[in-house]
Amino acid sequence: MTESTAGSPVQADTGRADTGQADTGRDGDTVPLGSDYFQDPLAYFRRMRDEGPVTPVTLPHGDRAWLVTRYAEVRAALADPRLHKDWAGKLTSPDWVPDQVTGYLAVHMLNSDPPNHTRLRKLVTKAFTARRVAGLRPRVAAITGSLLDAIEARATAAGGDGTVDLIEEFAFPLPITVICELLGVPTADRDQFRRWSNAIVASEGEPGGFRAAGTAMYYYFTELIAAKRARPADDLVSALIEARDSGDSLDERELIAMLWLLLVAGHETTTNLIASGTLALLQNPAEFARLRSDPSLLPGAVEELLRYVNPLNHATDRFTLEPVEIGGVTIPAREWVLCVTSSANRDPGRFGDPDRLDVGRDAGGHVAFGHGIHYCLGAPLARLEGEVAFGALLERFPGLTLAVDPATLRWRPSSLIHGLETLTVRLR
Ligand code: HEM
């Protein structure tokens, strides 16, 4: 889900030298994305979108990419087969030697093109059925209820000041617990996953952090798969080991890559939907009150919150192999392209009054889950978690308020993930 989950060379730490990016002579013309980009990416995207549909930029970690920012072009680009994802197969030189991280993580579905993507997605879709997701509602509600009980107890305990970090206590534990249970990964290891995942999606941070986290996850999943082979259980890891499609199956490398993808994709984004969505409601009290008084608005409100908060700034990276024209701009061969879904979702050409949160609006057609063959596999699960989380939070804490000055809120230093570092709230 990130430049790094995708494990592509657009990530700071994975060695762009491999890609042989074209020299367009435009280095001087690119828009630099400074570190203030992380704090207010939409301000950058608004300017770019006003000027044209495609803008070459220098990303905060120094690489060049072409940003597609208008709705129509973003949607078309996400479904454009001239924009490829399989960098390991199509961009690396013949003497490229994959290591434990790049070699394994290069083979997940989000880094694949048809026909391999079709094959990988079909195998996992079989194990990840809609019925399995719908059947999770009572469990998601139970996890939500017990997390909110714990929050209330902690905030009101002697010595407590009535405030909690909603990310630490709710927005992070809910999705990670759900995805761990679904996969059959011990929930007790969730803080370790969080550290790995943070290192993986960070655009800044310790050099080597991405590789170290990737290696640790590789060893973790190798052991987990061996244990599940020995003792299969009623969980997704066991189902994936068993998944068969006309005699096809996931090999060991693909299995590890798949689990890595599902675990990171399955919580990073949903955590930010819940946290940023709560912030948006707190900053729009009339919408908070409207949603609380009419829970039938919840499914539509989740769509509107996805459109409005955009847990991802942009879809994962794609690349050209030949010159590709988008919206009248020719992107040269061997260039990285980012479809800026958050900008598309605020395009006034598609959504009226796009910067206004309106929980009653028809936000259908938003591209927060992407579009085309890589459309989010976990969308039904994310929607379910969003509905349950916002419904329970608003019902339980009608007096919820932000406990800090909004100007002090900090967003994580990731180009891809748009998520708060912390969100301190007062329960009543
Ligand atoms: C609010 C929550 C979520 C958001 C905003 C989100 C967003 C996205 C987006 C934009 C893509 C397409 C990326 C691209 O085309 O480059 C995607 C793909 C994907 N997502 Fe999600 N996602 C969310 C939750 C989840 C969950 C809960 C899971 C897993 C259980 C998941 C698993 C995946 C997978 C496996 C893919 C790759 C699909 C493919 O390549 O065919 N996502 N997601």
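The values are calculated or read from the model by the stated rules, or taken from the named source; none is laboratory data. Everything quoted here is computed from the prediction, not taken from an experiment. Note that each Cβ is placed from the backbone with ideal geometry, even for glycine, and that neighbours are counted across all protein chains shown.
For residue 330, the conditions (1) surrounded by 14 or more Cβ atoms within 10 Å (Cβ to Cβ); (2) closer than 22 Å to residue 71 by Cβ; (3) among the polar types (S, T, N, Q) all hold with the exception of (1). When the helices (runs of 4 or more DSSP H) confined to region 242-311 are screened for residues that are over 28 Å from residue 351 (Cα atoms), those reaching at least 2 such residues are found at 252-283. The residue that is nearest to the chain's Cα centre (by Cα), counting only those in region 98-125 that are part of a loop (DSSP other than H, G, I, E, B) and at pLDDT 90 or above, is 108.
Applying the condition of being in contact with a helix residue (DSSP H, G or I) (Cβ under 6 Å, 6 or more places away or on another chain) and within 12 Å of residue 385 (Cα to Cα) to region 263-274 and asking which residue is surrounded by the most Cβ atoms within 10 Å (Cβ to Cβ) yields 274. Residues in region 46-79 that are among the aliphatic types (A, V, I, L, M) and part of a helix (DSSP H, G or I) were compared, and the one that is farthest from the ligand (Cβ to nearest atom) is 48. Only a single criterion out of (1) closer than 30 Å to residue 103 by Cα; (2) touching a strand residue (DSSP E or B) at 6+ places or on another chain (Cβ under 8 Å) is not satisfied by residue 276, namely (1). Filtering region 178-193 to residues that are under 15 Å from residue 259 (Cα atoms) and either within 15 Å of the ligand (Cβ to nearest atom) or of a type in the set (D, E, K, R) (or both) leaves 178, 179, 180, 181, 182, 183, 184, 185, 189, 190, 193. Among the residues making up region 121-138, those that are in contact (Cβ under 8 Å) with a residue 40 or more places away in the chain and closer than 26 Å to residue 256 by Cβ are 121, 122, 123, 124, 125, 126, 127, 128, 130, 132, 133, 136.
Residues in region 82-115 that are without any contact (Cβ under 8 Å) to a residue 12 or more places away in the chain and either in contact with a Ser or Thr (Cβ under 7 Å, 6 or more places away or on another chain) or crowded, with 22+ Cβ neighbours inside 10 Å (or both): none.
Filtered by the rule that a residue be more than 15 Å from the chain's Cα centre (by Cα) and either surrounded by fewer than 23 Cβ atoms within 10 Å (Cβ to Cβ) or near the ligand (Cβ under 9 Å from one of its atoms) (or both), region 303-323 gives 303, 318, 320, 321, 322, 323.
Report yes if some residue within region 246-265 is among the hydroxyl-bearing types (Ser, Thr, Tyr), within 16 Å of the ligand (Cβ to nearest atom) and on the phi < 0 side of the Ramachandran plot; otherwise report no. No: zero hits. For the condition of a type outside the set (A, V, I, L, M, F, W, C), crowded, with 19+ Cβ neighbours inside 10 Å, assigned to a helix (DSSP H, G or I) and touching a residue at least 40 places away in the same chain (Cβ under 8 Å), residue 342 qualifies. Can you find a residue in region 101-108 that is in contact with a Lys or Arg (Cβ under 8 Å, 6 or more places away or on another chain), away from the ligand (no atom under 16 Å from the Cβ), within 30 Å of residue 244 (Cβ to Cβ) and not hydroxyl-bearing (Ser, Thr, Tyr)? Looking through region 101-108, at least one residue is in contact with a Lys or Arg (Cβ under 8 Å, 6 or more places away or on another chain), away from the ligand (no atom under 16 Å from the Cβ), within 30 Å of residue 244 (Cβ to Cβ) and not hydroxyl-bearing (Ser, Thr, Tyr). Answer yes or no as to whether residue 259 is farther than 25 Å from residue 376 by Cβ, aliphatic (A, V, I, L, M) and in contact (Cβ under 8 Å) with a residue 12 or more places away in the chain. No.
Within the set of pairs 6 or more residues apart or between chains, which connect a residue that is closer than 18 Å to residue 394 by Cα inside region 155-171 to a residue that is assigned to a helix (DSSP H, G or I) and not β-branched (Val, Ile, Thr) with Cβ atoms less than 6 Å apart? From residues that are closer than 18 Å to residue 394 by Cα, the pairs are 162/155; 164/155; 167/275; 170/147; 171/275. Of all residue pairs spaced 6 or more apart or on separate chains, those with beta-carbon atoms under 6 Å, a first member in region 362-388 that is within 13 Å of residue 299 (Cβ to Cβ) and a second member that is in a loop (DSSP other than H, G, I, E, B) and within 7 Å of the ligand (Cβ to nearest atom) are 379/369. Scanning region 364-384 for residues that are assigned to a helix (DSSP H, G or I), within 7 Å of the ligand (Cβ to nearest atom) and under 21 Å from residue 275 (Cα atoms) yields 379, 381, 382. Restricting attention to region 127-177, the residues being crowded, with 20+ Cβ neighbours inside 10 Å, outside any helix (DSSP H, G or I) and not β-branched (Val, Ile, Thr) number 2.
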